[in-house]
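Structure, as structure tokens:
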Amino acid sequence: MENLLKTKTLTGAEIIVKTLQNLGVEKIFGYPGGIVLKIYDELYKQNEIRHILVRHEQAAVHAAEGYARVSGKAGVVLVTSGPGATNTVSGIVNAYLDGAPLVVLTGQVTADLIGKDAFQEADICDITRSCTKKVYQVKSVKDLEQTLYDAFNTAISGKKGPVVVDLAKNILYENAEFKGLPDTAPACEAAVDVTNILKELSLAKRPVIVTGGGAKDAYKEVRELNKILKFPVVTTMMGLGVYPAEDENYFGMIGIFGDRAANAVIKESDLIFSIGARFNDRITCCFEKTDLEKKFIQLDINEREISRVIKAHDSITGDAKIILAEMIKSLAGISFSAKWGDTERFRALNVKREAKTNMLQSFEVMRELDKFICGKDLTVTTEVGQHQLWAAQNLHFSKPGKFLTSGGSGTMGFGFPAAIGACIYDMSKPVVCVAGDGSFQMNLQELATCRDYNLPVKILILNNGYLGMVRQLQEKQCDGRYFETKISNPDFMKIAESYGLKAYRVSNRAEVLPVLEKAFADKGTVLVEFIVEPMEVL
């Protein structure tokens, strides 16, 4: 009865804004258009939700993902119909493969025109059905409020991911009763049986723990568990920071561009305990099938991941945080047989890089950055390419959610807007974006967003004059026939300055640290271009 007395009639646009407020949404990343003007008008009338105006819809989705990955909340995107909606697809795919919770609100033509090729109509529901957890199309204002609650719940529950809510224009102007927050019963935690998993771990002689992106919310439990077990720990690129890089039991990142020590640990192990790792082809290509299928114990929140790539000897499905906590409680009285012996021999396998020319090397820049940001608890994002891997290999993280990169999709143009989203969540500290000269040009227009909101984003461009990752592949696979990978670049300093931002150019080793100090001393956005060796390879 009390809820009924509180109901009132609102337009669909008002219901959207009120529902988002009730859901605790504080930021929306978007770009306006005719279809969604009514929503923008309602946003104008309130002060609880701040809209962040980007310069391209793809950047809106990447920024929302950056925001989601540092905040733990669902990122929210608002775009118009047609090309406004279709421009979000690359960002949605990225979030889907990397498990980032997003709610993407897209405008749509009026319900009576859907399917008739009206102006700026696109079937965004069918387009995104394969790269979202769920898609919704709202044609009746009466369905709107509940659909939004369902969409947010879908995005953040289980394996997190993006959802699309397609909004027919007519519902924004039609009226319906607004009921407010629904009554929800607290979720019951199901009992978890970890007996078999612990038995397998206790019998192994050379067990290893692999942490993936799915373990980041359980990082405290991972660390507490391994204080007791003292097993070697390795990570995927998406799991960097789940286990502290400085710990004596940490051996680095596995995979094609990972640490030799980490890959060697996997090869010599007799049991692999995988926590939230998908083991995609960037990892499996480094190993024989027998390296991975000897005894593979898999913990994942997504039942469909179990045995999807590697046949699991045993598995457990559920929230890693809950399952690991239960394992910790159940350790009493269990003895473990692990006897790795000398593990330091693995670290000796890692590549000792040295500069092969007089030019500044990318790995040297990353090592200087690593020393400079040590202890500052900063978030680093990357674009995609060689620079991404130089960063992953040379930067060290003690917490999850401090290294934001595009894993499954490998999306050029991700890192810069992701840095913007991370910065919007917490502007008290700078966010570092490591970019390549090719990737940065995918979304460099977002310099305007940085200027408009006075964001302390530090953009570090490793400029080698090539699409470096593809050039490296051409060197190895095409006998050095470089084709369409040498690129002409704008003057990045002048571009930054044209937006009213400070910029520096570095071409020798002695300048790296002094310029980093200048860039970080500045309270706003600063671009630093490093002229690096063009033929450097990973």
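The values are calculated or read from the model by the stated rules, or taken from the named source; none is laboratory data. Bear in mind the structure is a predicted one, so any value in this text is a computation, not a measurement. FYI the Cβ positions are ideal-geometry reconstructions off the backbone, even for glycines, and counts take in every protein chain you see. In case anyone asks, the SASA skips ligands and DNA or RNA and just uses the protein heavy atoms, side chains included. Shrake-Rupley method; radii C 1.70, N 1.55, O 1.52, S 1.80 Å.
The table for this structure:
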| item | result |
| --- | --- |
| Number of positions in the stretch 229-248 that are free of Cβ contacts under 8 Å to residues at least 40 places away in the same chain and either farther than 30 Å from residue 333 by Cα or more than 18 Å from the chain's Cα centre (by Cα) (or both) | 4 |
| Residue ID - least open to solvent (accessible area, probe 1.4 Å), chosen from residues in the stretch 283-300 that are under 15 Å from residue 265 (Cβ atoms) and either of a type in the set (Phe, Trp, Tyr) or part of a strand (DSSP E or B) (or both) | 296 |
| Any hit, the stretch 383-400, residues being without any contact (Cβ under 8 Å) to a residue 40 or more places away in the chain, open to solvent by 40 Å² or more (accessible area, probe 1.4 Å) and not charged (D, E, K, R) | no |
| Verdict on residue 103 being modelled with pLDDT of 95 or more, touching a Gly at 6+ places or on another chain (Cβ under 8 Å) and among the aliphatic types (A, V, I, L, M) | yes |
| Test: residue in the stretch 362-378 that is within 24 Å of residue 28 (Cα to Cα), open to solvent by less than 30 Å² (accessible area, probe 1.4 Å) and not in a loop (DSSP other than H, G, I, E, B) | no |
| Set 352, 371: member being over 20 Å from residue 457 (Cα atoms) and either among the basic types (Lys, Arg) or in contact with a Ser or Thr (Cβ under 6 Å, 6 or more places away or on another chain) (or both) | 352 |
| From 222, 242, 208, residue being touching a helix residue (DSSP H, G or I) at 6+ places or on another chain (Cβ under 7 Å) and part of a strand (DSSP E or B) | 208 |
| Failed item in (1) in contact with a Cys (Cβ under 9 Å, 6 or more places away or on another chain); (2) open to solvent by less than 20 Å² (accessible area, probe 1.4 Å); (3) among the hydroxyl-bearing types (Ser, Thr, Tyr), with residue 128 passing the rest | (1) |
| So residue 326, is it within 30 Å of residue 466 (Cβ to Cβ) and either open to solvent by 70 Å² or more (accessible area, probe 1.4 Å) or part of a helix (DSSP H, G or I) (or both) | no |
| Residues within the stretch 142-168 that are of a type outside the set (A, V, I, L, M), open to solvent by less than 30 Å² (accessible area, probe 1.4 Å), touching a residue at least 60 places away in the same chain (Cβ under 8 Å) and not in a strand (DSSP E or B), tallied | 4 |
| Restricting the stretch 21-48 to residues that are among the hydrophobic types (A, V, I, L, M, F, W, C) and within 18 Å of residue 80 (Cβ to Cβ), the residue that is surrounded by the fewest Cβ atoms within 10 Å (Cβ to Cβ) | 37 |
| Out of 226, 196, sole residue that is in contact (Cβ under 8 Å) with a residue 24 or more places away in the chain and not hydrophobic (A, V, I, L, M, F, W, C) | 196 |
| Members of the stretch 1-20 that are modelled with pLDDT of 95 or more and either open to solvent by less than 50 Å² (accessible area, probe 1.4 Å) or under 24 Å from residue 417 (Cα atoms) (or both) | 10, 11, 12, 13, 15, 16, 17, 19, 20 |
| Meets criteria (open to solvent by 30 Å² or more (accessible area, probe 1.4 Å) and in a loop (DSSP other than H, G, I, E, B)) for residue 279 | no |
| Pairs with Cβ under 7 Å, 6+ apart, first in the stretch 506-532 and over 20 Å from residue 495 (Cα atoms) and modelled with pLDDT of 95 or more, second open to solvent by less than 10 Å² (accessible area, probe 1.4 Å) and part of a helix (DSSP H, G or I) | 512/365 |
| When residues of the stretch 111-155 are limited to those that are among the polar types (S, T, N, Q) and within 17 Å of residue 78 (Cα to Cα), the one farthest from the chain's Cα centre (by Cα) | 120 |
| Selection count, the stretch 462-488, where residues are in a loop (DSSP other than H, G, I, E, B), in contact (Cβ under 8 Å) with a residue 40 or more places away in the chain and open to solvent by 20 Å² or more (accessible area, probe 1.4 Å) | 3 |
| From the options 113, 78, residue that is open to solvent by less than 30 Å² (accessible area, probe 1.4 Å) and under 19 Å from residue 39 (Cβ atoms) | 78 |
| Subset of the stretch 310-323 [open to solvent by less than 30 Å² (accessible area, probe 1.4 Å) and either in contact with a Lys or Arg (Cβ under 7 Å, 6 or more places away or on another chain) or over 16 Å from residue 272 (Cβ atoms) (or both)] | 318, 323 |
| The stretch 339-361: number of residues that are in a loop (DSSP other than H, G, I, E, B), farther than 27 Å from residue 415 by Cα and open to solvent by less than 40 Å² (accessible area, probe 1.4 Å) | 2 |
